[in-house]
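Take a look at the structure below.
The values are calculated or read from the model by the stated rules, or taken from the named source; none is laboratory data. In this text the structure is predicted, and so the values were computed from the model without any measurement. Neighbour counts run over all protein chains shown; Cβ positions are idealised from the backbone, glycine included. Heads up: the accessible areas ignore ligands, DNA and RNA and are worked out on the full protein's heavy atoms, side chains in. Shrake-Rupley method; radii C 1.70, N 1.55, O 1.52, S 1.80 Å.
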Amino acid sequence: MDQLICQCKQNLLFPDDDLKEVVTNDESDSFKKIYSACLILCKEQNVVDFEDLIFMTVKMLTHDEEILSSVQKRYQYIFIDEYQDLNFGQYELAKLISQDNYIVVIGDPDQSIYGFRGSDNKYFKRFAHDRPGCEKIILTKNYRSTQTILDASFQMISKSLENEEKFKVFSDAGTTKKLMIKETATEYAEAVAIGKMIEKFVGGTSFFSMDAGKTDLDEQKEYSFADFAILCRTSRQCDTFINMFEKEGIPFQAADKKKLFEIEGIKQLINACRIMAQSTDVPDELKDCDTEALLKFLCKKEDLSKIIKDNDKAEQAFEKLLSIARLNNDLKSFLNALALNQDPDTLEFNVEKVSLMTMHAAKGLEFPVVFVAGCEQGLVPFAKDGKNIDDLEEERRLFYVAMTRAMDILCLTYAKKRSIYGKSFKRQRSFFIDDIEKKLTQVEKSFVHLKVRKKEKQLELF
């Protein structure tokens, strides 16, 4: 229900408007009552949600010419990044405040991946129509990836059914390395194979490296753990890598805000902060405290110190909270930062750890070596029920984003069998991979040899 209300607000729709784009006719009457009640309740409580920030602003600007004129005069030069990710409400707001002003937008319609939030790259494409005679600058020089990675990703995205011209991108980063495609038996074998490759790149000598054998990955360059990223379509896939990395001692960090702040001890601390922020009875000794000191005080007061100290993950999460607290001097701004931060904001970029995240979380980031895991039909492209794909073109764009996070080396992996909700299913390689010319790729099969324990001889009693 909350998602439907969000969709209405993103499309600037009120309860009395025609909502057929959001709900069916059978559900319309009951939904309108719920939507109306929600708006009334928010007004009575004097609160707004994130969608309201634009929803209410557009409403105000369209109904008050004086305020609109004042805003337009104040902001005469407007720059909007990631313009391809706008939803309708954001698009209308940008149009309102930029009317008769100077505006520059930048974006890539092939990287529009937030349809589930209401974004649509049609607004990027509509810009030239909205502003006839605008200057259009096409950037075709890439400063991140090797030409092999660019060629492979261009071939894949060029198969898009969207009827538009694609511009090939060029790079000065020459290399003879091919894009690696690795087949594994299961999702666990996939995690092990990637772990072996990472340790090979960093020159590791664990049991992985000792039984992996010599492979020609990149003999002339060594990498550190911070140079690696593993990208998955769903956060559930990350669990296999987390379990394997923890078992084998490979340092990693997962970009998962929800998991990080729901660890035992941490969630209680955050709740205590929320209660104190709403309280009018704050002890005198805390009124002049900075947020970091306040966190430490609450940690002791709520008897959370031992819980956090006894759990490595909780300690790491607590350190992350302290780092956010140092950037926000009062409790309310600290809680706002926690609410507004996204999954990538939980990553530390000055630590020697492999980064593990979803493809969506990787948007805007780059890493020398990238593994895109689970390149199988049903995951890439994603189908909730394993069969039906909601938006094939957005899935293709998401895979394009994942591929172009790589600077030096890109490896696409997939499993022949995968356990889903406790059942094992045979898998097929993603057809997105088939759109890449074979001459750009190096296909490998990985076999994991499990050690068999010798059966102990039973002692004879007589």
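Take the solvent-accessible surface of the protein heavy atoms, probe 1.4 Å, and return the percent of it on the chain that carbon and sulfur atoms account for. Numbers along the way, then the final one.
Working: 14000 of 27590 Å².
Exposed carbon and sulfur together represent 51 percent of the surface.
May I ask you to rank Thr140, Thr184 by accessible area, largest first, using a 1.4 Å probe over the protein chains only?
On the way: Thr140 55, Thr184 0 Å².
Ranked from most to least accessible, the order is Thr140, Thr184.
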Open item on the list: Could you order the peptides 348-360, 297-309 from most to least packed, using the average number of other C-beta atoms within 10 Å per residue?
Closed with: 348-360, 297-309
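In Å², and per residue, what accessible area does the chain have when probed at 1.4 Å with the other protein chains present? Could you put the intermediate results ahead of the total?
On the way: 27590 Å² over 462 residues.
Result: 60 Å² of accessible area for each residue.
Classify the range 341-443: rounded, prolate or oblate, from the alpha-carbon gyration tensor (a ≥ b ≥ c, eigenvalue square roots; a/c under 1.5 rounded; otherwise prolate if a/b is larger than b/c)?
Working: a/c = 1.66, a/b = 1.33, b/c = 1.25.
It is prolate, given that a/c is not under 1.5 and a/b is the larger ratio.
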Open item on the list: Need the list of lysines near Lys439 for cross-linking: C-alpha distance under 16 angstrom, and skip anything on the same chain fewer than eight residues off.
Closed with: Lys177, Lys178, Lys182
- [ ] Please work out how much accessible surface Met56 shows to a 1.4 Å probe, ignoring ligands, DNA and RNA, in Å² rounded to 10.
- [x] 100 Å²
TODO: Quick one: what are the phi-derived ³J(HN,Hα) couplings along the range 98-114, Karplus 6.51/-1.76/1.60 with θ = phi - 60°, whole Hz, x for glycine and proline?
DONE: 9, 4, 6, 10, 8, 9, 10, 10, 9, x, 9, x, 6, 10, 7, 10, 10
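Would you please put 248-257, 72-81, 319-328 in order of how densely packed they are, using the mean number of other Cβ atoms within 10 angstrom per residue and starting with the highest? Mind showing how you got there, number by number?
Working: 248-257: 18.1, 72-81: 12.0, 319-328: 16.1.
Ranking the peptides 248-257, 72-81, 319-328 by packing returns 248-257, 319-328, 72-81.
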TODO: With unit charges on the beta carbon (Lys/Arg positive, Asp/Glu negative), name the residue among Tyr414, Asn328, Pro368 whose Cα is farthest towards the positive pole of the charge dipole of the range 286-424.
DONE: Tyr414
Open item on the list: Can you tell me the orientation of helix 235-248 relative to the chain, as the angle in degrees between its alpha-carbon axis and the longest Cα principal axis, to the nearest 10?
Closed with: 40 degrees
TODO: Rank by packing, highest mean first: peptides 265-278, 123-136, with packing defined as the count of other Cβ atoms within 10 Å averaged across residues.
DONE: 265-278, 123-136
Task: Space enclosed by the convex hull of the alpha-carbon atoms of the chain, per residue, Å³ - done: 235 Å³
Task: Angstrom value of the Kirkwood radius, inverse mean 1/r, which spans all Cα pairs in the range 78-124 - done: 10.7 Å
Task: Residues Ser70 and Lys287, FRET efficiency given R0 of 45 Å [Cβ-Cβ distance, rounded to 0.05] - done: 0.75
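Protein chains only, probe 1.4 Å: how do Glu187, Glu44 rank by accessible area, largest first? Spell out each step's value before the answer.
Details: Glu187 35, Glu44 135 Å².
Correct descending sequence by accessible area is Glu44, Glu187.
What size of dipole, in debye to the nearest 20, comes out for the chain about its Cα centre when the only charges are +1 on Lys and Arg C-beta atoms and -1 on Asp and Glu C-beta atoms? Walk me through the intermediate numbers first.
Numbers: 67 positive and 78 negative charges, 388 e Å.
That gives a dipole near 1860 debye.
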- [ ] Rounded to the nearest 10 degrees, what's the angle between the helix 331-340 long axis and the longest principal axis of the chain, both from Cα atoms, 0 to 90?
- [x] 70 degrees
